[in-house]
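The structure appears right after this line, and notes come after that.
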Amino acid sequence: MTATPDLLYSAEQDALRGGVRDLLAERSPHTAVLDRIETDTPYDPGLWHALAAQIGVAGLAVPEKHGGAGASWRETAVVAEELGRSVAPTPFLGSAVLATAALLALGDDAGGLLGPLAAGETTAALVLPLSTPPGAPFPDAVRADGALTGRMTSVADVLAAGTLLVPAAGPDGPALFAVAADQASVTPVASLDPTRPLADVAFDAASGELLASGAGAERAVAAAVTAGASMLASEQLGLAEQCLESTVAYVKERHQFGRPVGSFQALKHRLADVWVSITLARAAARYAAACLSSCAADTAIATAVAASYCGETAVHAAEECLQLHGGIGFTWEHPAHLYLKRAKADALALGAPHRHRAALAPLVDLTL
């Protein structure tokens, strides 16, 4: 009988949370985020260096033998929660989760890329459309026939990447290459969430290092997408928590008819509904992270449940945040729109909720 994983946060995880939260409060307050998304460079390299190199968030899931912290995806999930709370524009999902998970699946065949990534010396991006769900077919938009040629659309965090991990269809089947970013043509595209910019990536006879082929390449990409969906659920959890906390604080201080608007029963019920949803989302996200960390047989099921439920919870919490802040919540100066955009974009990333529910059905022997 498999033991139920501990879903509580450890003292070490709480300390990690505190360090990340303090750094984000100092280096990336909402005013700074609002200012940066109005520029051509939404990412703050200094913030990412502090997170990746000083706190070590880039290497939490990487074993010590590869230069990482030797922690697990549970600790990575704690960081994802905090980044969701702050909607900080960092390449964490693309580099510390998607690219790192793909390289971890390769093990000793990772081409020496894990160490620099874990140390925060460089960043990487997995060249896949951000909408790719777990279980999707291996992509064939890029061909490998002596050189890489093709185009991949709507790739996340590629604008900040020094190394690109490129799935390609080769003469002998699937393959995964490491390509220097200057070998590709990267074109930013309009994205709903300005704090996680997307770009199209094109290759024209680009050269790269073959990391894996055949089943090994397929496993690496599948592992990356599964880890990404799991960690994204934790990000959505953190986002929803912040939306609820900021809204509760606001309705306590906003007065109408001589009393706080939070004392009105209708608003109490709406916020209580969000609280219940977040409580369930926390359990789902923590279980998914625990399964991923231990390579449990339930990983696919847990990820589908968490991705489906947390995605909808984050959108609900963000919508209520904007509406219950009243007129101020609809202004560009208030951060509510950042949370709604991130929540909406996250709900489509790495599989929309309905895609995860469709994938879940056969996993638990349900017939659609």
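The values are calculated or read from the model by the stated rules, or taken from the named source; none is laboratory data. Just so it is clear, the structure is predicted and the values come from calculations on it, not from any experiment. Heads up, the Cβs are rebuilt from the backbone with ideal geometry, glycines too, and the neighbour counts pull from every protein chain shown. Accessible surface areas use protein heavy atoms only, side chains included; no ligands, DNA or RNA. Shrake-Rupley method; radii C 1.70, N 1.55, O 1.52, S 1.80 Å.
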Legend entry - From phi via Karplus (6.51, -1.76, 1.60), per-residue ³J(HN,Hα) for region 170-178 in Hz, x at Gly/Pro: x, x, 9, x, x, 8, 10, 10, 9
Legend entry - the chain - accessible surface per residue (Å², probe 1.4 Å): 43 Å²
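Per-residue ellipticity at 222 nm for the chain, helices alone: DSSP H runs ≥ 4 residues times -39500 (n - 2.57), over residue total, nearest 500 deg cm²/dmol? Each step should come with its number before you reach the end.
Details: 11 runs with 174 residues, N = 368.
Calculated from helices alone, the mean residue ellipticity at 222 nm is -15500 deg cm²/dmol.
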Legend entry - Amide H contacts of Ser154 (H built 1.01 Å from N, under 5 Å, at least 5 apart or other chain): Ala199, Asp200, Val201
Legend entry - Calculated FRET value between Trp275 and Leu363, using beta carbons and R₀ = 30 Å, to 0.05: 0.55
Inset, instruction - Return the sequence-ordered ³J(HN,Hα) values of region 296-304 in whole Hz as given by the Karplus equation 6.51 cos²θ - 1.76 cosθ + 1.60 applied to θ = phi - 60°, using x for Gly and Pro. - result: 5, 5, 7, 4, 4, 5, 4, 5, 5
Inset, instruction - At a Cα cut-off below 22 Å, give the lysines reachable from Lys268, other chains included and same-chain residues fewer than 8 away excluded. - result: Lys252
Legend entry - Lone cysteines, the chain (no partner Cβ under 4.7 Å): Cys291, Cys295, Cys310
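I need the semi-axes of the equivalent ellipsoid of the chain: take the C-alpha gyration tensor, multiply each eigenvalue by 5, square-root it, list largest first in whole angstrom. It would help to have the intermediate numbers written out before the result.
Numbers: eigenvalues 236, 102, 76 Å².
Output for the chain: semi-axes of 34, 23, 20 Å.
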Inset, instruction - Report, in whole Å, the centroid distance computed from the Cα atoms of region 36-58 and region 156-200. - result: 19 Å
Inset, instruction - Rounded to whole Hz and in sequence order, give me ³J(HN,Hα) for region 193-198 from the Karplus expression 6.51 cos²θ - 1.76 cosθ + 1.60, θ = phi - 60°, writing x for Gly and Pro. - result: 9, x, 8, 9, x, 10
Legend entry - Long-range amide H partners of Gly70 with built H, under 5 Å: Val62, Glu64
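Using a 1.4 Å probe on the protein heavy atoms, what percent of the accessible area of region 266-368 belongs to carbon and sulfur? Please report the intermediate quantities before stating the final value.
On the way: 3120 of 4760 Å².
Its accessible area is 65 percent carbon and sulfur atoms.
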Inset, instruction - Name the residues whose placed amide hydrogens come within less than 5 Å of the amide hydrogen of Leu350, ignoring near sequence neighbours (fewer than 5 apart) on the same chain. - result: Ser131, Thr132
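Mind checking the full-extension length gain between Arg254 and Leu348? Use 0.36 nm per residue of separation minus the Cα-Cα distance, one decimal, nm.
Details: separation 94, 0.36 × 94 = 33.84 nm, distance 3.36 nm.
Contour length minus Cα-Cα distance gives 30.5 nm.
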Legend entry - Quotient of Cα Rg and 2.2 N^0.38 Å for region 183-232, N being how many residues it contains: 1.48
Inset, instruction - Subtracting the Cα-Cα distance from 0.36 nm times the residue separation, let me have the gained length for Arg21 to Thr39 in nm, one decimal. - result: 4.1 nm
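For region 90-236, which whole-number percentage of the solvent-accessible area (1.4 Å probe, protein heavy atoms only) is attributable to carbon and sulfur atoms?
The computed percentage sits at 51.
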